[in-house]
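Values quoted throughout were computed directly from the atomic coordinates according to the rules given, and no laboratory measurement underlies them. Because the structure is predicted, anything quoted here is derived from the model rather than measured. Glycine gets a Cβ as well: all are built from the backbone with ideal geometry, and neighbour counts include every protein chain shown.
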Amino acid sequence: MFKPNGPVMQFLTEITNFLILNLLCLICCIPVVTIGAALSARMYAAMKIVRDEETGVVKPFFHAFVRNLKTGIPLTFIFLGMGALLVADWYVTFRMETAQTLWKVIFAMVTSMYLLMLWNVFPFLARYEVRVFDALKGAFSLSYLHFFRSIFGVIMMIVPWMVNIWFPVWFWLIALGIETFMLYLNAGHFARVFDRFEAEKGIAPVTAANEENEDRVFDDESRTPVVTEENA
């Protein structure tokens, strides 16, 4: 059971790798503008691990981190800006005594879509070299094709921050544990989605920046990722 190639040791090795990935991601998020590149690099390395394509995490992480800076930085600004606007809108709405229920419903829908896009966009960028606009469309496609799975992902993305309310002293440890567990689940989920999609379309990953390959990831008319429920 505890042999070097046994299931227990392999499991412990994977958990350790995911812990290291989370720490690397946290460090690379410190400049703020690199948050997008760090999140996509974390998912890139995590999918490599669940596919048994890599045994280490540092090299694939920084390979993807550098590669995704060009698209990741603009996406970071977009989502930070949108997040700030949503926070301001909610603040003003709750401060207004005459705020109508309709506005609250609209803001709730917009916020939900924002969170769904946020959860899907960086895994999409981790797998494909695409432009900013196409990364957003790819995230939108994943959001509605895998709606309930995306809802679960968003909830678990928020849980570590909610933990701080009840367990502020142990927040960092609980958050790290939840993030490690969710990274394992999410990497497996996105790996299966992308593998089925690529098998159906006959494309290779991280090559979609070229026009010839990009047309195979996005349909010609709407440039929406061709990920149907059958192949996703």
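For trypsin sites (Lys or Arg not before Pro), the sites in the stretch 42-104 that DSSP calls loop and that have at most 15 other Cβ atoms within 10 Å are R51.
Take each peptide in 134-140, 26-32, count the other Cβ atoms within 10 Å of every residue, and average; sorted highest first, the result is 134-140, 26-32.
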